[in-house]
1. Specify which of the listed residues (Leu276, Leu237) is within 13 Å of the ligand (Cβ to nearest atom) and either surrounded by 18 or more Cβ atoms within 10 Å (Cβ to Cβ) or closer than 30 Å to Ser337 by Cβ (or both).
2. Report, by residue number, each residue of region 225-234 that is more than 10 Å from the ligand (Cβ to nearest atom) and either surrounded by 24 or more Cβ atoms within 10 Å (Cβ to Cβ) or under 13 Å from Thr330 (Cβ atoms) (or both).
3. Can you name every residue in region 170-223 that is of a type in the set (Lys, Arg) and not in a strand (DSSP E or B)?
4. Would you be able to say whether some residue in region 66-82 is at pLDDT 95 or above, not assigned by TED's automatic domain parsing to the domain that holds Ser362, not in a loop (DSSP other than H, G, I, E, B) and not charged (D, E, K, R)?
5. Only residues in region 197-215 that are without any contact (Cβ under 8 Å) to a residue 24 or more places away in the chain and not assigned by TED's automatic domain parsing to the domain that holds Met132 count as the first member; pair them with residues that are assigned to a loop (DSSP other than H, G, I, E, B) and within 11 Å of the ligand (Cβ to nearest atom), Cβ under 6 angstrom, at least 6 apart or cross-chain, and list the lot.
6. Please work out which residue is farthest from the ligand (Cβ to nearest atom), limiting yourself to region 106-119 and to residues that are of a type outside the set (S, T, N, Q) and more than 17 Å from Met206 (Cα to Cα).
7. Regarding region 323-331, can at least one residue be identified that is assigned to a loop (DSSP other than H, G, I, E, B), within 22 Å of the chain's Cα centre (by Cα), closer than 22 Å to Asn292 by Cα and more than 16 Å from the ligand (Cβ to nearest atom)?
8. For region 193-214, give me each residue that is among the acidic types (Asp, Glu) and either within 12 Å of the ligand (Cβ to nearest atom) or within 23 Å of Lys235 (Cβ to Cβ) (or both).
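The values are calculated or read from the model by the stated rules, or taken from the named source; none is laboratory data. For clarity, every value in this text was computed on a predicted model and none was experimentally measured. A quick note on method: Cβ atoms are made from the backbone with ideal geometry, for glycine too, and the neighbour counts reach across all protein chains shown.
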Amino acid sequence: MVARQIEDTVNETEVAKKAARKAFHRGGSTRAVHAGAARRKAHNSLNTPIVQTATYTFNDTQDLIDFMESKTWGDGHDREEYGRYGNPSVSAVERRLAALDGAEDSVLFSSGMSAITSLLLTVLPTGSHIIMTADCYRRTRQFCQTFLARLGIETTVVECGDYDAIEAAIIPRKTRFIISESPTNPYLRIADIERVAALGKQHRVMTMIDSTFATPINQRPIEWGIDFVIHSATKYLSGHNDLLAGVVSGRADRIKAIRDSRGVLGGVVDPQNAFLLERGIKTLGLRVRQQNETAQRVAEFLEAQPQIERVWYPGLESHPEHDIAKRQMTGFGGVISFEVKGDLMETAKFIDALHIPYIAPSLGGVESLIEQPALMSFYEKTTEERLAVGIKDNLVRFSVGIEDADDLIEDLEQGLNALHAPTRSIRQNSAAD
Ligand SMILES: *Cc1c(COP(=O)(O)O)cnc(C)c1O
């Protein structure tokens, strides 16, 4: 009976792995709903069960010894040992994400930052050097420039889109990694993924793209030759602003090494959140296609408004890398950045006049979110300091949700009209400005 049960589990995982690989030729939505799941799950449940346990038991000492032997000799063991090393609810999501990214394997973490830091700590030796493009996620840059610097790992930051500068920054035998993001935050700049991958291959440097803003529905960097793709699953993948998680996808042997270091660094996602994430991923295709469409309409609307200085959206012809975006993406995403004609407080007045989007950090969920980076991520800086890092006071980042596009546009229109109304005073407490 017990043997039968174990055999069933082994078969279930094997079948699921095969199914995940078979999914590669299928469309994004089919992968999002089915990839990586065994057709028959425990108790004939349609959904992946939440295996809510911290540890896993052994029947007797022989069972334990057999497990340790198979682990030591690597002849395939398909059971778990302890929660930090693995959980079936988590593995199911990892297989699905691998299929979505078109990768051999994926490993899930408790947040996007945990995914990034664990990846870098796994692959970078002391004394090495990395190159990162500017306009990268602020905390990624902070991690590289402070924590990695302490380990003797140097970071060179180059302008986004300057491939000669990337090449020039490569130090033979020392540079190990090129980190880029596409689209970037908050300006939605687009890296030429194929070119970054080619530079990496030519100089034997590994490459990583943070593809959070694109999702695997709009862009699959691994298919262009990138070594590692990471996503903050907190954003589009989960899609409901209700959990934090992150993922790294790549070649199986490298992902195994990162999974091993997760067992040491400890950034595991819990089974409940894995379940919620799997549930969110099932509607990824629907949500993202809707958000692509709405964002395009909103961006075109904003670009035509006299109160708007400039709109940054890869789907607009005015976007500096529109052609690259068209080549490597199948949709331009749900985030739009734009500059309002006005100063810090006038821009805030426009935001306060809106009824539908919430003011909040984050993006990619079903609710529209809006923020003024100058007052959100860069509050403690002065206008001049913000300008030095490219953040204008009148910049607004808008993450469209799945509300009706007509309603969002109507709301933005009345918000822009409020710019001409008499000013209600807003007090900024710090001495920043
Ligand atoms: C949010 C975000 C992260 C960090 O992810 P968390 O899940 O918040 O830790 C990294 N990169 C990008 C592009 C993000 O938007």
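1. Details: Leu276 fails: within 13 Å of the ligand (Cβ to nearest atom).
None of the other options fit; the residue is Leu237.
2. Initially, region 225-234 is screened for residues more than 10 Å from the ligand (Cβ to nearest atom), giving 225-229.
Of everything in region 225-234, those that are more than 10 Å from the ligand (Cβ to nearest atom) and either surrounded by 24 or more Cβ atoms within 10 Å (Cβ to Cβ) or under 13 Å from Thr330 (Cβ atoms) (or both) turn out to be Ile226, Phe228, Val229.
3. First pass over region 170-223, keeping only residues of a type in the set (Lys, Arg): 173-174, 176, 189, 195, 201, 204, 220.
Matches in region 170-223: Arg173, Lys174, Arg189, Arg195, Lys201, Arg204, Arg220.
4. First, pick out the residues of region 66-82 that are at pLDDT 95 or above: 82.
Filter once more, so that each one left must be not assigned by TED's automatic domain parsing to the domain that holds Ser362: 82.
Okay, now just the ones that are also not in a loop (DSSP other than H, G, I, E, B), so 82.
When the remaining residues are screened for being not charged (D, E, K, R), the result is 82.
Taking every residue of region 66-82 in turn, at least one turns out to be at pLDDT 95 or above, not assigned by TED's automatic domain parsing to the domain that holds Ser362, not in a loop (DSSP other than H, G, I, E, B) and not charged (D, E, K, R).
5. Sorted first by the residue in region 197-215, then by its partner, the list stays empty.
6. So the first thing to find is which residues in region 106-119 are of a type outside the set (S, T, N, Q), and the list is 107-109, 112-113, 115-116, 119.
Still in the list and also more than 17 Å from Met206 (Cα to Cα): 107-109, 112-113.
Values: Val107: 14, Leu108: 11, Phe109: 8, Gly112: 2, Met113: 4 Å.
Among residues in region 106-119 that are of a type outside the set (S, T, N, Q) and more than 17 Å from Met206 (Cα to Cα), the one farthest from the ligand (Cβ to nearest atom) is Val107.
7. Initially, region 323-331 is screened for residues assigned to a loop (DSSP other than H, G, I, E, B), giving 329-331.
Still in the list and also within 22 Å of the chain's Cα centre (by Cα): 329-331.
Filter once more, keeping what is closer than 22 Å to Asn292 by Cα: 329-331.
When the remaining residues are screened for being more than 16 Å from the ligand (Cβ to nearest atom), the result is 330-331.
Yes, some residue in region 323-331 is assigned to a loop (DSSP other than H, G, I, E, B), within 22 Å of the chain's Cα centre (by Cα), closer than 22 Å to Asn292 by Cα and more than 16 Å from the ligand (Cβ to nearest atom).
8. Applying the first criterion (among the acidic types (Asp, Glu)) to region 193-214 yields 194, 210.
Scanning region 193-214 gives a single hit, Asp210.
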